[in-house]
Protein chains: 2
Amino acid sequence: MNIAISEVKRLKDLTGVGLTDAKAALEEANGDFDKALAAMRKKGLTKAEKRGEREAREGLIGTYNHDGRIGVLVEVNCETDFVTRNEIFTGMVKDIAMHIAASSPQYVSIDNVPAAERKKVTAEFTEKAKADGKPADMVEKIVEGQVKKHFAERCLLDQPFVKNPDQTVEAYIKEHIARLGENIVVRRFERLALGEVN
Amino acid sequence: MNIAISEVKRLKDLTGVGLTDAKAALEEANGDFDKALAAMRKKGLTKAEKRGEREAREGLIGTYNHDGRIGVLVEVNCETDFVTRNEIFTGMVKDIAMHIAASSPQYVSIDNVPAAERKKVTAEFTEKAKADGKPADMVEKIVEGQVKKHFAERCLLDQPFVKNPDQTVEAYIKEHIARLGENIVVRRFERLALGEVN
């Protein structure tokens, strides 16, 4: 199996493990990057994941203002005041605020979607799938995929990062967890656009 | 009745009427500024009030960031793009955002307090007044005053303006309505403080 060294390095950076472990994980996943990452997470192998269990109580409130027409607040937590003052961290907070201005997420992650909203969307897709004459035994599977996609588009962590659409915002943050050696959590955000109906 | 010229001028600026009308209103209210203003409003005399009926659809989203620990967004509407670009207006938006950071209002005005919240607070004060052995026929009056005060402290428009505590934020905005000749409305705001429990 021929694994591109760039992929190995990317997985290494993202997870904080060594090159050998990253290469082994990619080989095991037949070169599928996301599969390799998921497998490493499952095994609790990634250092970023382990850091993810530590409490993040410090951090920054980031603001972004686009021309007086869109404003964003975001609370990004880390573990120490030391990292709070690190310009890699402050730059990341600014980028996330800018991403939120550009991509209008509604939730931080799927965990923040209210159960009632998930139910409503599921019911709508189910109705549509049935109306479209989809085979009854496939409706559930089809709807599951549609609901997942629907919320992935609306959840900050699942969105393609606006400054590098090849990675999700979650992957971008994971890179910074590995780089800064601290757990980093986007806790919440607010976005106001001039004159929007709410 | 001796009315200070400074008070007459203040009422004139706030309402946009002439000096004579402002003086007459103050005399009629025995020099009580708030009473004079209230009476003028009731009569629909103030130009600012009349402007207040016009629709405000333009405006700015203002942001304020205090040291990365408090962030504020505020939407302030006016009538024309021309005023949006006026530095008196942009300065006012900035001041209001800063005020919100400093004074932590929870609502724009009493109209934005949910009925359930008003009911809950009223019940709490009523219970306390009864427990304190206040005369039954006075409880309602006492509670009314306490509830009014409670929400005035939490409503942006009723708070003393942080840069000039002698006037409310509402009076500060009214001054700008008179100065800029357009209706100005604080539509909504968001305030995040690092690590606060919500």
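Given (1) farther than 30 Å from residue B:143 by Cβ; (2) at pLDDT below 95; (3) part of a helix (DSSP H, G or I), where does residue B:17 come up short, assuming only one miss?
With respect to (1) farther than 30 Å from residue B:143 by Cβ; (2) at pLDDT below 95; (3) part of a helix (DSSP H, G or I), residue B:17 is out only on (3).
Please work out which residue is most open to solvent (accessible area, probe 1.4 Å), limiting yourself to the range B:154-198 and to residues that are part of a strand (DSSP E or B), within 12 Å of chain A (Cβ to nearest Cβ) and among the charged types (D, E, K, R).
Result: B:187.
Which ones in the range B:20-37 are assigned to a loop (DSSP other than H, G, I, E, B) and either loosely packed, with under 14 Cβ neighbours inside 10 Å or within 20 Å of the chain's Cα centre (by Cα) (or both)?
Answer for the range B:20-37, where residues must be assigned to a loop (DSSP other than H, G, I, E, B) and either loosely packed, with under 14 Cβ neighbours inside 10 Å or within 20 Å of the chain's Cα centre (by Cα) (or both): B:30, B:32.
Here is a list: A:79, A:75. Which entry is open to solvent by less than 80 Å² (accessible area, probe 1.4 Å), within 14 Å of chain B (Cβ to nearest Cβ) and over 17 Å from the mean Cα position of the chain (by Cα)?
A:79
Check A:116, A:101, A:129 and return the single one that is small (Gly, Ala, Ser), in a helix (DSSP H, G or I) and touching a strand residue (DSSP E or B) at 6+ places or on another chain (Cβ under 8 Å). Can you show your working first?
Values: A:116 fails: touching a strand residue (DSSP E or B) at 6+ places or on another chain (Cβ under 8 Å); A:129 fails: touching a strand residue (DSSP E or B) at 6+ places or on another chain (Cβ under 8 Å).
Exactly one residue qualifies, and that residue is A:101.
If we keep just the residues of the range A:57-71 that are over 15 Å from residue A:190 (Cβ atoms) and in a strand (DSSP E or B), which is farthest from the other protein chains (Cβ to nearest Cβ)?
That would be A:58.
How many residues does the range B:84-105 hold that are among the polar types (S, T, N, Q) and either loosely packed, with under 14 Cβ neighbours inside 10 Å or more than 17 Å from the chain's Cα centre (by Cα) (or both)?
The total comes to 3.
Residue A:151 is checked against (1) under 18 Å from residue A:84 (Cβ atoms); (2) at pLDDT 95 or above; (3) open to solvent by less than 20 Å² (accessible area, probe 1.4 Å); (4) of a type outside the set (S, T, N, Q) and fails just one. What number does that condition carry?
Exception for residue A:151: condition (1).
The values are calculated or read from the model by the stated rules, or taken from the named source; none is laboratory data. Note that the structure is a prediction, hence the values are computed from the model and not measured. We place every Cβ from the backbone using ideal geometry, glycine too, and count neighbours over all the protein chains shown. Surface areas here come from the heavy atoms of the whole protein model, side chains and all, with no ligands, DNA or RNA. Shrake-Rupley method; radii C 1.70, N 1.55, O 1.52, S 1.80 Å.
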